[in-house]
Amino acid sequence: TFANNLFHPMASVSVKLGNQVPIITASGLGKQYLVPGWRLGWIVFSNNKAIQAVKKGAQRLAQVVLGASHLAQVAIPAVLDPPSEEDRACVASWKDELLSIIEDQSNLLCILINQCYGLEVIPAQGAMYAMVKIHVDKFDDTIVDDLTFMKLLLVEENVVVLPGRAFGLEISAEINISCHVFRVVFCAPENIIKIACERIRSFCLRHKEN
């Protein structure tokens, strides 16, 4: 996590509350160790008695779906439980350096996006992406929601962002709340982040409401 934010595993929270809710935790090597192509991960079932059927179903799926290579699987124990103190120190140092780089890039993105007309960034607390709120009332008639913003940005500036509706964040007629947002990652080098943000800034000014 970034700055003073603390991560609280849901399983630990459940234990403190008396194991009233079963927890399924999914994780993997892809983002933690920057090997997205490996698609190698694991699932941990807490309070198994309440979700035995779910666990058995997951085990059956794991047996019929084409899995990762043996070489990739062998890497899991080595990175999760390094064999020596020297290896542990090396992995810990690498993680600290990676976290520092990602946090710096997150801060850079937040500064640059907040300089864009009509946008308001929601800072990340530990993720590799940030959510950005679009104040659609500040733009011309061509931008009416997150989807039109995303499409025009791609066509005009060749910058790809993910509209909030991909995560279920859109207008809710039931509670009369309009939430137009997009997700943007900041894993790219700083020079790429600066170029992308400058294109977004130019795009926003071009579509500024007159």
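The values are calculated or read from the model by the stated rules, or taken from the named source; none is laboratory data. The shown structure was predicted, so the numbers you read here are calculated from the model rather than taken from an experiment. Neighbour counts run over all protein chains shown; Cβ positions are idealised from the backbone, glycine included. These accessible areas exclude ligands, DNA and RNA; they are computed on the full protein's heavy atoms, side chains included. Shrake-Rupley method; radii C 1.70, N 1.55, O 1.52, S 1.80 Å.
Below, the figures for the structure above:
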read-out: Probe 1.4 Å - accessible area at residue 129, Å² to nearest ten; value: 80 Å²
read-out: Extension gain from residue 21 to residue 155, taking 0.36 nm per residue of separation minus the Cα-Cα distance; value: 43.6 nm
read-out: The stretch 1-160 - percent of accessible surface contributed by carbon and sulfur, probe 1.4 Å; value: 59 percent
read-out: Most to least accessible of 39, 183, 60 (protein chains only, probe 1.4 Å); value: 39, 60, 183
read-out: The stretch 99-210, accessible area per residue, ligands and nucleic acids excluded (1.4 Å, Å²); value: 56 Å²
read-out: Simple label model, 7 Å out from Cα along Cβ direction - residue 39 to residue 188, nm; value: 2.5 nm
read-out: Number of Lys pairs (Cα under 20 Å; 8 or more positions apart or on different chains) in the chain; value: 8
read-out: Residue-level accessible surface for residue 70, protein heavy atoms, 1.4 Å, Å²; value: 140 Å²
read-out: For residue 139, residues with placed amide H under 5 Å, excluding near neighbours; value: 209
read-out: Mean shadow area of the stretch 103-207 over all directions, Cα convex hull, nm²; value: 6.4 nm²
read-out: Residue-span extension gain [residue 162 to residue 58] - 0.36 nm each, minus C-alpha spacing; value: 34.5 nm
read-out: Extension reserve of the residue 138-residue 10 stretch, reckoned as 0.36 nm per residue once the Cα distance is removed; value: 42.2 nm
read-out: FRET efficiency estimate (nearest 0.05) - Cβ-Cβ, residue 73 to residue 93, R0 22 angstrom; value: 0.30
read-out: Helix-only mean residue ellipticity at 222 nm for the chain, each DSSP H run of n ≥ 4 adding -39500 (n - 2.57), per residue, nearest 500; value: -14000 deg cm²/dmol
